[in-house]
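Beneath this line is the structure, given in C-alpha cells, with notes to follow.
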Amino acid sequence: MGKFTGKLLVSDMDATLLNSRHMVSERNREAIEYFISEGGRFTVATGRMVPAVRAYFAQMSINAPALLHNGAKIYDFEKDEALFEKFIEEPRKNAIRRVHDELPEIGLEVYADERVYIYRECSETDRFKTRSYDVTYSLPDEIWHRPWIKALLIGDRELLDKYEPIYRRDYDSGYCVRSGSMYLDVVANGVSKGKALTELAGRLGIDRENIYAVGDNMNDVDMLMAAGNSFAVENAEEAVKTAADRIVPSCENSAVAYIIENLIS
C-alpha cells in the first residue's frame, strides 16, 4: 500500500497542467511520477483528442483512462481503445452547416475518427502547422455521414462572447461549453467531464471523497463538482474559482505538483 493508494487525481491540460508554453514543467512531471509510484491513479480530462494527448507522453505519465473531447470519450491508452464514446446527434450537424453559411466570422472545425477537419479556416487554424496531427483543410461530403465526436466554433473572446448566446438561441439548443476564451465546444447531449469522471471512478472502484480534480475553464466546472476535492488554478475563470474548494497556484507555477505535495493525504 502506497501513500496515495485509492486516490484518483484528474487534471485539465491547457492552462492547468500545461504552462503558457504548452509544456509540462519538470516539477509537475516528477510529482506525477511520485504520485503514481505511491499507488495513486493520475489522468487528464481535456477537450483534446487521442493523438493530442499521446503527444505529451514524453513529458508526463498517466495510469488511468483519459477523459477526452470534454467527456465525450473515455480512452484507455494502455489498451489503445475507447471505453466509452458518444457522438453528436445527427440533426445537430445542420446547425454547424448553418453557422458556416450564415456567420462567416466564425472558424469551424469538426472532429471525426480522431482527425480534424477544417470547415472554415481562421487565425487559430495555424496552431496545427507545428503539430503532427491528422488535419484535413476541408470537410469532404463523406464526413457528413461519419459520426462526429466534437465540433468547435472558434473566434476571439469578444467574437465568441457575441455569438455564443446567438448560437444557443437560434442554432442549437443542445450541449455546448466554452473550453477557452476562443473555443466553444459542441458535443453530444448528456456528456461532460463531470459525468465522464463519475463513470471512470466507478470503473476504478474509487469513492467520490478520494477523487481530486483541477481545472481552469467553464468546461471544468461540472468535473470539479463531481470530485470530492476540487481545485481551480489561480489563472482560472472566476466562475471556476467559485465552484472549486480551493485555489492553487497558476499553471505557470506547477499547480498539479502543488496539489500532490500539499493537498492529498
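The values are calculated or read from the model by the stated rules, or taken from the named source; none is laboratory data. This one's a predicted model, so the numbers in the text were calculated from it and none came from an experiment. Cβ sites come from the backbone with ideal geometry, for glycine too, and all protein chains shown count toward neighbours. Areas reflect the complete protein model, heavy atoms only, side chains present, ligands, DNA and RNA absent. Shrake-Rupley method; radii C 1.70, N 1.55, O 1.52, S 1.80 Å.
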| query | Could you say whether any residue in segment 189-197 is on the phi > 0 side of the Ramachandran plot and open to solvent by 30 Å² or more (accessible area, probe 1.4 Å)? | reply | yes
| message | With the structure loaded, tell me whether Lys162 is out of contact with any strand residue (DSSP E or B) (no Cβ under 7 Å at 6 or more places or on another chain), open to solvent by 10 Å² or more (accessible area, probe 1.4 Å) and either farther than 24 Å from Ala52 by Cα or in a helix (DSSP H, G or I) (or both) or whether it fails that test. | response | yes
| Would a scan of segment 132-151 turn up a residue that is assigned to a helix (DSSP H, G or I) and under 18 Å from Asn70 (Cβ atoms)? | no
| Looking at segment 243-264, which of the residues that are of a type in the set (Val, Ile, Thr) and surrounded by fewer than 19 Cβ atoms within 10 Å (Cβ to Cβ) is farthest from Thr16 (Cα to Cα)? | Ile264
| Pair list, Cβ under 9 Å, 6 or more apart: segment 180-207 residue without any contact (Cβ under 8 Å) to a residue 40 or more places away in the chain, other residue open to solvent by less than 50 Å² (accessible area, probe 1.4 Å) and among the polar types (S, T, N, Q) | Ser181/Asn217
| Could you give every pair whose Cβ atoms fall below 9 Å, whose first residue belongs to segment 132-147 and is within 16 Å of Val187 (Cα to Cα), and whose second residue is open to solvent by less than 40 Å² (accessible area, probe 1.4 Å) and assigned to a helix (DSSP H, G or I), counting only separations of at least 6 or pairs across chains? | Trp144/Lys93
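Condition check ((1) of a type in the set (A, V, I, L, M); (2) outside any strand (DSSP E or B); (3) in contact (Cβ under 8 Å) with a residue 24 or more places away in the chain) across all residues:
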residue	(1), (2), (3)
Glu209	no, yes, no
Ala213	yes, no, yes
Met225	yes, yes, yes
Ala232	yes, no, no
Lys241	no, yes, no
| Quick one: how many residues across segment 87-117 are touching a helix residue (DSSP H, G or I) at 6+ places or on another chain (Cβ under 8 Å), not in a helix (DSSP H, G or I) and not charged (D, E, K, R)? | 9
| remark: Picking from Ile106, Ile36, Ile62, the residue that is of a type outside the set (S, T, N, Q) and open to solvent by less than 20 Å² (accessible area, probe 1.4 Å) would be Ile106
